[in-house]
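The values are calculated or read from the model by the stated rules, or taken from the named source; none is laboratory data. This structure is a prediction, so every number in the text was calculated from the model and none was measured. All Cβ positions, even for glycine, are placed from backbone atoms using ideal geometry, and neighbour counts span all protein chains on display. Calculation scope for accessible area: heavy atoms of the full protein, side chains included, ligands and nucleic acids excluded. Shrake-Rupley method; radii C 1.70, N 1.55, O 1.52, S 1.80 Å.
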Amino acid sequence: MYITEQDYINIGENALEVVQQSKPENREAAEKFAMDFAAGYLRARYDVDATFAKEGNERNMTLVGCLTDIALYR
């Protein structure tokens, strides 16, 4: 996926635990929601499929931050 476990750890020690709530499936669902939510706003101007296919340092860190925030707080 576009978001990694390390992205949550960078936010704070407990962020990964919060989003997973003891189940990795919860994290996956939250990330899918975040990506779909953001894509709804971005798709008209950007190739979101190409953007979300990027990995590592190729990713846009601003977008990573926004997606992790959405996954954690929505």
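Sparse packing (at most 15 other Cβ atoms within 10 Å of the Cβ) combined with a DSSP loop state is found for the following chymotrypsin sites (Phe, Trp or Tyr not before Pro) in segment 13-62: Tyr46.
Only one residue of Ala39, Leu72, Phe52 has its Cα farthest out toward the positive end of the dipole of segment 7-74, where Lys and Arg carry +1 and Asp and Glu -1 on Cβ, and that residue is Ala39. Between helix 61-73 and the chain, what is the angle of the helix's C-alpha long axis to the longest principal axis, kept within 0 to 90° and rounded to the nearest 10? Once rounded, one gets 50 degrees.
The residues of segment 12-57 have, on average, 75 Å² of accessible surface per residue, using a 1.4 Å probe with all protein chains present. Mean sequence separation of contacting Cα pairs (under 8 Å, at least six apart), scaled by the length of segment 1-70, corresponds to a relative contact order of 46 percent. Ignoring the sites themselves, the chain has its longest run without GluC sites (Glu not before Pro) in a DSSP loop having at most 12 other Cβ atoms within 10 Å at 14-54.
Carbon-plus-sulfur accessible fraction, the chain (probe radius 1.4 Å, protein heavy atoms only): 49%.
Where does the chain land on Rg/Rh, using Cα atoms and the Kirkwood Rh?
That ratio is 0.95, to two decimals.
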